[in-house]
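Here the structure is laid out as structure tokens; the discussion comes afterwards.
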Amino acid sequence: MATPTVEYTAALKSDFSHPEHPLLERLREALIAEEWPDERAASVRVNRRRLSEAVETLSYVPSPTPALAEALWKARQMGRILPADPDCPTVKYTAAVARRLDELLAHRVAAAAYTCTSERGDLTPLYEHLGREAGERAGELRFGYGDRGMHALALPHRPGWRRVQNLVQDRLIGLLIVASADELVSSGQPQEPGWDRQIIEAWLGSCGIRLVCLDDRLPAGGDAR
């Protein structure tokens, strides 16, 4: 029988921490780079997006190491440089974007996923999806907590959320990811004072943690998360 509080432990296994771009895959990309400009263009689009996401996440780190500070500076500089021909970027440009991304991903932060769902089945696929999305944003999923059938409860009264709060207070994560901002608000009673989406994001930000809501319709700052 499903329990009201969810704890996702599979995320702690090593097989969820594999490198995003193994060495052999990088070698394959290098070998075909000259012959397939479309592949380079697609790679640049993906890596520039991931670079931007990584910069946003790692910019929350309250006391970056010199190595992280340098990697962030280089990545921001790279973000300002566009390829002369977006449909046919040079091999050098493609490699430079990938190199800046690799430098940032060496500083991944621990991530947590929170869910609040009415589903009573296995939530492993959902947490695996959230783990992949965290990986796209320079996070590595280490914790997964959730609540079942508690949408009507105010956020501070949900057991799963209180476990997330403990992670935040102990500074154990740098990224919190949820499938929807709706999971952070109560559906059955007036809004709990101070617990709207913007306040939660501001609180997390003050603790050096980025909040990612995958289906944000009106995200803070005005751009898609």
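Here are a few things to note about the model shown:
- Under the Karplus curve 6.51 cos²θ - 1.76 cosθ + 1.60, θ = phi - 60°, whole-Hz ³J(HN,Hα) for segment 77-83, x wherever Gly or Pro sits: 5, 4, x, 8, 9, 9, x
- Relative contact order (percent, whole number), segment 73-180, Cα cutoff 8 Å, 6+ residue spacing: 32 percent
- On a per residue basis, the convex hull of the C-alpha atoms belonging to segment 103-181 measures out at 85 Å³.
- Exposure check, 1.4 Å probe, all protein chains in place: Trp73 carries approximately 150 Å² of accessible surface.
- Per-residue 3J(HN,Hα) values for segment 42-59, derived from phi via the Karplus relation 6.51 cos²θ - 1.76 cosθ + 1.60 with θ = phi - 60°, read 5, 4, 5, 4, 5, 6, 5, 5, 5, 4, 4, 5, 5, 4, 4, 5, 6, 5 Hz in sequence order (x marks Gly and Pro).
- Sum of side-chain charges, Ile173 neighbourhood, beta-carbon under 12 Å (Lys, Arg +1; Asp, Glu -1): +3
- Built amide H within the under 5 Å cut-off of Thr115, gap 5+: Tyr145, Gly146, Asp147
- Anisotropy class of segment 40-123 from Cα gyration tensor, a/c 1.5 cut: oblate
The values are calculated or read from the model by the stated rules, or taken from the named source; none is laboratory data. These numbers come from a predicted model, not from an experiment. Every residue, glycine among them, receives a Cβ derived from its backbone with ideal geometry; neighbour counts consider all protein chains shown. Heavy atoms of the whole protein, side chains included, go into the accessibility calculation; ligands, DNA and RNA do not. Shrake-Rupley method; radii C 1.70, N 1.55, O 1.52, S 1.80 Å.
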